[in-house]
Each structure stands twice: as structure tokens, then as C-alpha cells.
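Working notes, beginning with the structure itself.
The values are calculated or read from the model by the stated rules, or taken from the named source; none is laboratory data. Treat the numbers as computed from the prediction; the structure is a model and nothing was measured. Every residue, glycine among them, receives a Cβ derived from its backbone with ideal geometry; neighbour counts consider all protein chains shown. Keep in mind that these areas ignore ligands, DNA and RNA; they rest on the heavy atoms of the full protein, side chains included. Shrake-Rupley method; radii C 1.70, N 1.55, O 1.52, S 1.80 Å.
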Amino acid sequence: MSCSSITTVQNHAVKTENVTMTFDLPRRPSKESSILTLCHKTTDELDTQRKSKIQKFVQHSKSFKVKHREFLAEFIGTLILVLLTCGFCAEQTLNIEKNKSWLTSSFGSGLSVLIGICVAGHVSGGHLNPAVTIAFCVFSGFPIRKAPTYIAAQLLGAFTGAALLYSIIEPAITQFDHGERQILGEYSTAGIFGTYPPLYVGIGSAVASEIVGTAMLLLVIMVSGHPNNLPFRTAQGAMIAIGVTTISLCIGYTSGFSLNPARDFGPRLFTALAGWGVDVFKVHHYYALVPMFAPIIGGLVGGFIFTVFID
């Protein structure tokens, strides 16, 4: 090859005066780029898998919600109602505040009902109470086939609300009763969850209190929901909360003040399983039967009075 010949390497070609030779130079990616590319691909694949799993879970949850909207609304609403109601009972029982007040308990009851209705009212009507559901079936045309679903959701929500509260305040309960769960006595804590009457109240007085109180509650609910009863109809939830507060202030101290079988039975069942024992159903001559059945009778009485004498 002469000295005057020019050799160039361009576009993977080597040219001489008389011969042009072409060949491919394989491109070998650097280790850094290959590692980065591999990491990016792996991360993208993992992200895609995670997203697909999350999307499937969300889709299944939405489909379940569509099929069981009313059940979920009653469950969550009653859970909130019991969580808050038992929460202020704990504040009173555990001596968090030195000066105990029935006024505090009454306002706590009303506000708890208001928040529960606010959460569930637009979906299920915000019954949150088997006595309300049964009275609506008898007097307001509520479908009987829905009643078992509503009542099951209310009982399950009440039980879950009590369990959730217990998981939060268990250290405070243990500090108060020194780890010995008591139903009655100076260091009793079962009353945080279930309803128990004062010692001076007999079974007859407690039954009358629950029947009359629940009857007035149903009157307030039905009257405030009547389409012609303005302006109360536009603020029915607030009116029900005010009604609960007023009933509690006036006659609540004459019983354990339940007015709601789910509010009592769910938390009471939880205490029986959580260390207080089955005696929670036996004390005070089986007082547990009073808040279980008297509010249902009271709800029917209130619905009857509204339907026959007011509507």
C-alpha cells in the first residue's frame, strides 16, 4: 500500500485507493448502562404488578360496595356511633375528668348519633338501631326483606366499634382496674361498653324508661322526617341528635340509657369475650334483657302514636 493512500474509518467502513472494505463493529454497551436498564425494567415490571394488584383490589372493593352499600353504611355508621358513645363513657368511668356530669354524657350521646347519621344517612337512611328498623318495617313501609341485613350490620358494627375502642383505651382501663376486669364495684369498667342501671333503679323502672324514651325517639324521627314539617325536615339529623340529648337529660338516669339494642348487645357481647365474662348478661337480675327488648317495644309504641294520632 502506497504512502499516499488515505485510510478513513467512517460509518464502520475502511477505504483504500483500490479496495473498500466494510465491516460491522459490534456496540458493546457499558456495564453501567446495562445495569441501569435492567434495574429500570425490573422496577417498571414490579410497579406494574403492584398497580395491577391494587387496581384489582379496588375493583373488587367497588363491586362489593355496589352490592352491599346499605349493609356497609349501617355497619360503619353504627361502628362510629358505638365507638364515640362508649368513648365518652370511658372518659367518665376512668376519672379522666374529676367532675363527672350527666350533661356531658347526654351531649356525647346526641353528638355521637349525629355523626353516625351524617356518615350513613344518605345511603341507608341512617337507622343505626334495630328498634328504628323494626318500627319502620311496621309503620313506614320499609321492606321487611331488608330488615335482617340492616340489623345484622348494626349488631356487627356495634361489636366492632367496641373492639376498636378497647384496642385504643386498654392501657387506661388496665391502669384503672389494675388488670382485674370488674362488672360491679368501685373499679368496675364493664359500664364503659354495656349499659347498667344505677343501683337504686329497679327492673320495672328501667323497662318503663327504655320504652318511653325509645317511643319519644321514634316520634322525633318520624315527625322530623315528614315532608310537611318544615323547617325541621331539612335538618332531621340535628333534630334527632337534639332529641337524644333531651331524652337523656330528662329520663336517661333512670336506666342504663340505651334506646338501642345494638348499642348495648354488641359491646356487651364483646366484654363477655374480652375478659369480663358471661356474668355481664346475668348481673342485676339479667338486666341485659331490658336494653335488648324494651327499646323494640318502645319503637313500636312511638310508631303507633305517630301513625294513628299525628300523621
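Here are some notes:
- For peptides 174-183, 102-111, sequence by mean Cβ density within 10 Å, most packed first: 102-111, 174-183
- Averaged over residues, the count of other Cβ atoms within 10 Å places the peptides 240-247, 54-61, 282-289 in the sequence 240-247, 282-289, 54-61, highest first.
- Pairwise centroid distance, computed over Cα atoms, of the range 144-179 with the range 208-243, Å: 26 Å
- Averaged over residues, the count of other Cβ atoms within 10 Å places the peptides 151-159, 273-281, 225-233 in the sequence 151-159, 273-281, 225-233, highest first.
- The charge dipole of the range 69-310, taken about the Cα centre with unit charges on the Cβ atoms of Lys, Arg (+1) and Asp, Glu (-1), comes to about 540 debye, rounded to the nearest 20.
- Sulfur and carbon atoms: percent of accessible area, the range 127-248 [1.4 Å]: 66 percent
- Entry note, the range 69-310: relative contact order of 29 percent, from Cα contacts under 8 Å with a spacing of 6+ residues.
- Remark on the range 99-210: Rg and Dmax equal 17.2, 51 Å (Cα only).
- Cα gyration tensor shape of the range 138-262, rounded if a/c is under 1.5, else prolate or oblate by comparing a/b with b/c: prolate
- When only alpha carbons are used to place a centre, the range 47-74 and the range 263-311 end up 35 Å from one another.
- Think of a 1.4 Å ball rolled over the protein heavy atoms: the range 217-259 then has 44 Å² of accessible area per residue.
- Three-way shape label, the range 69-310, alpha-carbon gyration tensor, a/c 1.5: prolate
- Think of the range 69-310 as a dipole: +1 on every Lys or Arg Cβ, -1 on every Asp or Glu Cβ, centred on the Cα centre; then among THR234, ASN129, LEU84, THR234 lies furthest on the positive end.
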